[in-house]
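One structure below.
Every read-out reported here was derived from the displayed coordinates using simple, explicitly stated rules and does not represent laboratory data. Please read these numbers as outputs of a predicted model, since none were measured by experiment. Here the Cβ positions follow ideal geometry from the backbone for every residue, glycine too, while neighbour counts run over all protein chains shown.
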Amino acid sequence: LFVLLLTAVAPAGTVYSAHPSAPTARWHLAARPPTSDRLMEEAGQPPTPALRTLVDPIHFTDASTAFRGAPVLGGSSGILVDIDRNIILWAANAHGPRAPASTTKLMTSLVALENFPLDQQVTVTPLAAAREVVETRMGLRPNEKLTVKELLSGMLTVSANDAADAMADGTVGMDRFVEAMNRQVTALGLEDTHFTNPVGFPDDPQETSSAYDLAAIATAAYRNYPLFRELTATHDMYLPPTSTHQGYKLHNINRLLDIYPAAIGSKSGFTDNAGPCLVSMATRNGHHLAAVVLNAQRMFDQSRALLEWGFTQEGLPALYPSPVPTPPAPPLAAPRRPRR
């Protein structure tokens, strides 16, 4: 299903972004236009070759029974992994199926980084530009041209839905790109994940992932792509105007970067069904940890507490006098909010 085209166009240089704890608005659905493959077939042209996959199976060994005293966290599921040793320090329902929300963009970024030159120009399609102004978006305009690197910058800082759509639809077409995302899941050796779009929004019952798989996807991207490490750790950046696009100011909505000095990325997300989700990475004294909390009402504080506890298990002193108190999350009966 594709988005209805909207007539409103964002003002130049405007970036729309919800607060990290606030999700984005409803995606209106309409009949899907022909895919690029179908158009090529009708024109008698062969389809483009399949996209490459990064073959890097990720396996985490569960060593959690050897570690005690993890903070009590509210949420549906989560995991903490020492990614240097590939061992699980803590887990709760780590393989439970969950809606991934905008953490989907971890895989969208991985597929783009594996397949496209960073300076490749991508034309913004009407589909990508049709995102609503209350969503997290860059404010892309139809027919603007941005590089793959610029679109990745929007996806991994402001969590731009329009940038994710532009990356898929403006390169090889939506269907082919999503198919590559799912082949990449298999290439990483994962079993809990299936994608139906490059954004993670709107909620789709067929799009699921797990805390374990999201930690693995983030780990693969972190290990293999320097630009991924750079962008997910960036607080603010500016894309100056060019002859093909307006200027964009981008602010990273991952608030963990502001409240935890050891944080080095990765990606937050929120929809009504998924709740607040955060995949995070941190490093101290050469130790690298990845944490995932899903459907966690205080995802930033809870991730900080979990990562801090993890570093103490590595023999490091706490950055805080005591673990950050993290009471169980209240029931998810909150009023509806905009979604991202």
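Here A70 does not qualify as buried (at least 20 other Cβ atoms within 10 Å of the Cβ) and of a type in the set (A, V, I, L, M, F, W, C). Working only within the range 153-194, note down all residues that are within 23 Å of P142 (Cβ to Cβ) and either free of Cβ contacts under 8 Å to residues at least 12 places away in the same chain or not in a helix (DSSP H, G or I) (or both). Across the range 153-194, the qualifying residues are V158, S159, A160, G170, T171, V172, G173.
The criterion of at least 3 residues that are out of contact with any His (no Cβ under 9 Å at 6 or more places or on another chain) and basic (K, R) is met by none of the strands (runs of 3 or more DSSP E) wholly inside the range 202-299.
A residue that is surrounded by 24 or more Cβ atoms within 10 Å (Cβ to Cβ) and among the β-branched types (V, I, T) occurs somewhere in the range 193-207. Within the range 98-112, identify whether any single residue is farther than 24 Å from N182 by Cα, of a type outside the set (S, T, Y) and in contact with a strand residue (DSSP E or B) (Cβ under 6 Å, 6 or more places away or on another chain), and answer yes or no. Within the range 98-112 (the criterion being farther than 24 Å from N182 by Cα, of a type outside the set (S, T, Y) and in contact with a strand residue (DSSP E or B) (Cβ under 6 Å, 6 or more places away or on another chain)), the answer is no, since none of the residues qualifies.
Of all residues in the range 117-125, none satisfies being under 17 Å from F195 (Cβ atoms) and not acidic (D, E).
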